[in-house]
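*Asks:* Please see the structure below; I have some questions.
The values are calculated or read from the model by the stated rules, or taken from the named source; none is laboratory data. As the structure is a computational prediction, the values presented were derived from the model and not from experiment. Using ideal geometry, Cβ is built from the backbone for each residue, glycine included, and neighbour counts are taken over all protein chains shown. Remember, those area values only see protein heavy atoms, side chains included, never the ligands or the DNA or RNA. Shrake-Rupley method; radii C 1.70, N 1.55, O 1.52, S 1.80 Å.
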Amino acid sequence: MKRKSIWLENIYDQESILRQDITCDVLIVGAGMTGVATAYHLRNKGFNVVVVDKNKVGHGISARTTGKITYLQETIYSDLKKKHSLDVSKKYLDSQLEAIELIRSIIEEHHIDCDFESVVSYVFSQHENSSVMEEKRLLEQFGVEVEQEGNAIKVDGTYVFHPIKYILSLKEICKQSGVQFYEKTDIHFMKKGSHGYICGNELVSICAKKIVFACHYPYFLFPFLIPLKCTLERSYVSAAKVEKVEPYSAISVDQPVVSIRYHQDERNGYMIYASESHPLYQKYDSKKHFDVLEKSVLKMGLRPRYMWSNHDIMTFDQLPFIGRLEKGSRDLYLATGYNTWGMTNSNLAGKIISDMILDIYNRYEELFSPLRKLHIESLPKIIYGGMKPMIENKVWKSKKWNPDNVYFEGDLAIYVDKWGKEHVVYNRCPHMKCSLLFNSVEKTWDCPCHGSRFDLDGHVIIGPSNYNITYYH
Ligand SMILES: Cc1cc2nc3c(=O)[nH]c(=O)nc-3n(C[C@H](O)[C@H](O)[C@H](O)COP(=O)(O)OP(=O)(O)OC[C@H]3O[C@@H](n4cnc5c(N)ncnc54)[C@H](O)[C@@H]3O)c2cc1C
């Protein structure tokens, strides 16, 4: 079994590293689904657009998704109605339907080969569950045709695809229109200069008139203070070979949430099965979650060929953050916080932000604005989901959470592999100095505060950390 995402199998793509200072009109920081979708909508519009990624194009959170394109997102519409209003709930539905149509039309227009398949989507519960039926009634009130099958509800007009094939195809389309991509090029700083913003790292700087932060969890604290606005949720995903690929995707509303879809590659069919979600700030042991996941797949008579974990940003009010980063500024933009529904929302973000840059009215600008006020009900979440875990981690250093084959000496964390070799790292995430948790299945050092991940040698794989952790040979 491979401890990596199925979407990263047989993907060979390489961009150049930025080695000299450059100037551009729009700099997009992050080449995941959001960054590439934004570049797509800004191409051919008279702007000099540059996209940089600290890692490789499409190799962040988007590479570890389950890749469903659906508007049936657990019980989001009932939740939004309760938290906000009927109007907000309906507008969110409209936005998701528009995003799906956007993705479909882009794939059709450019004949993108990304295993895009039409499927029906289910939301289900193992038990009679009133919230699923409430969701059905609300969707019907909004004019959506919903069918009931036992404890499940079903809609059509939804899809699945191969997220990296889609991202890399969009990247090629953008490049043909002159958009420049640079990999292994991270942004560590940003300051205002006389002709725009200067940002870059120790080696290079980029002067840009406008910047779009499409970097998932932003590396900077100010002005957005993201740790106080969201939590992170991790899920465990597997892909097992199947004889027959089914034309549906499904997600449960029970705990633990179960998510299923199928995928056909050139040779084999796979069932992609995700489960075992938990907030990152809770005490957890990745190995235990992987074991439970594996057992569930084996129980179905299947054997996982791939297993990986992934996390996404969960906003307190269940709406993404898409739009201006600072009051009064028309030059800094942010897109993140998709609550595990980033295939639709990142594509939508690309459209909304490009419309804002192009001065085109977009009806979702206000709804998703990162500058919106948080409800007073978010306060307990800010304290218990945002601040408390960070303080706890700093005080207790989450040492107790680590598996048995990890021990500590002062500020060093030592993992002993099955051959008895010791892997020694400095036990502090460079982002906000939280101590790390070893993920003994994927062999990564993970930060339970803000989701940074480092490989066995200490190299950063996923941000917000911009720096590696020190590895001692
Ligand atoms: C288990 C799981 C399953 C999911 N399944 C689905 C699904 O089926 N359908 C759905 O709609 N959504 C799903 N999601 C959500 C979706 O995968 C994410 O919301 C989405 O991929 C986020 O895309 P992104 O472009 O914002 O982030 P990313 O893909 O992480 O892109 C951000 C990029 O920014 C780069 N970067 C970061 N910091 C810097 C820096 N300082 N300088 C330069 N570059 C930087 C990173 O290297 C990265 O490539 C799932 C999420 C999880 C956790």
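*Asks:* For the pairs Lys295/Lys418; Lys136/Lys381; Lys4/Lys56, flag any whose C-alpha to C-alpha distance is greater than 18 Å.
*Replies:* Lys295/Lys418; Lys136/Lys381
*Asks:* Take each complete run of DSSP H in the chain, measure how far its Cα atoms stretch along the helix's own axis, and keep only those covering 24 Å or more with mean Kyte-Doolittle hydropathy at least -0.5; list them.
*Replies:* Helices meeting the span and hydropathy rule in the chain are 86-109.
*Asks:* For the range 141-197 and the range 36-56, compute the distance between their C-alpha centroids and round to whole Å.
*Replies:* 12 Å
*Asks:* Determine the per residue accessible area of the range 397-472 with all protein chains present and a 1.4 angstrom probe, expressed in square angstrom.
*Replies:* Spelled out: the 1.4 Å probe surface of the range 397-472, per residue, equals 41 Å².
*Asks:* Put +1 on the Cβ of each Lys and Arg and -1 on the Cβ of each Asp and Glu in the range 397-472; which of His423, Phe438, Gly458 then has its Cα farthest toward the positive end of the dipole?
*Replies:* Checked the options; the winner is Phe438.
*Asks:* Also: Provide the net charge surrounding Ser95, with neighbours chosen by a C-beta distance below 14 Å and charges set as Lys +1, Arg +1, Asp -1, Glu -1.
*Replies:* Once all neighbours under 14 Å are counted, the net charge is -3.
*Asks:* Where does the charge balance sit around Asp115 when Lys and Arg score +1, Asp and Glu -1, over other residues with C-beta under 12 Å from its C-beta?
*Replies:* -2
*Asks:* Run down the aspartates and glutamates and flag those whose C-alpha is under 14 Å from the C-alpha of Lys184, throwing out any fewer than 8 positions away in its chain.
*Replies:* Asp13, Glu15, Asp53, Glu202
*Asks:* Let me ask another. Highest mean first, how do 104-112, 167-175 rank when packing is the count of other Cβ atoms within 10 Å averaged over residues?
*Replies:* 167-175, 104-112
*Asks:* Take peptides 454-462, 76-84 and line them up by average Cβ neighbours within 10 Å, highest first, as a rough protection proxy.
*Replies:* Descending mean neighbour count gives 76-84, 454-462.
*Asks:* Distance check, please: which entries in Lys171/Lys210; Lys373/Lys433; Lys91/Lys388 exceed 25 angstrom between their Cα atoms?
*Replies:* In this structure, Lys373/Lys433; Lys91/Lys388 exceed 25 Å between Cα atoms.
*Asks:* Mind ranking 357-369, 299-311, 140-152 by how tightly packed they are, going by the mean number of other C-beta atoms within 10 angstrom, highest first?
*Replies:* Packing proxy ranking, top to bottom: 299-311, 357-369, 140-152.
*Asks:* At 1.4 Å probe radius, can you tell me the per residue accessible area of the range 292-393 in Å²?
*Replies:* Here the per-residue accessible area is 43 Å².
*Asks:* Okay, moving on. At a 4.7 angstrom Cβ threshold, list every cysteine in the chain that has nobody to pair with, or say none.
*Replies:* Within the chain, the cysteines lacking a partner Cβ under 4.7 Å are Cys24, Cys114, Cys174, Cys199, Cys207, Cys215, Cys230.
*Asks:* Considering only DSSP states other than H, G, I, E and B, which trypsin sites (Lys or Arg not before Pro) in the range 377-453 qualify as loop sites with at most 14 other Cβ atoms within 10 Å?
*Replies:* Here the trypsin sites (Lys or Arg not before Pro) that fit, given the DSSP loop and packing criteria, are Lys418, Lys421, Lys433, Lys443.
*Asks:* Can you pull the percent of the chain's accessible area that's carbon plus sulfur, 1.4 Å probe, other chains left in place?
*Replies:* 50 percent
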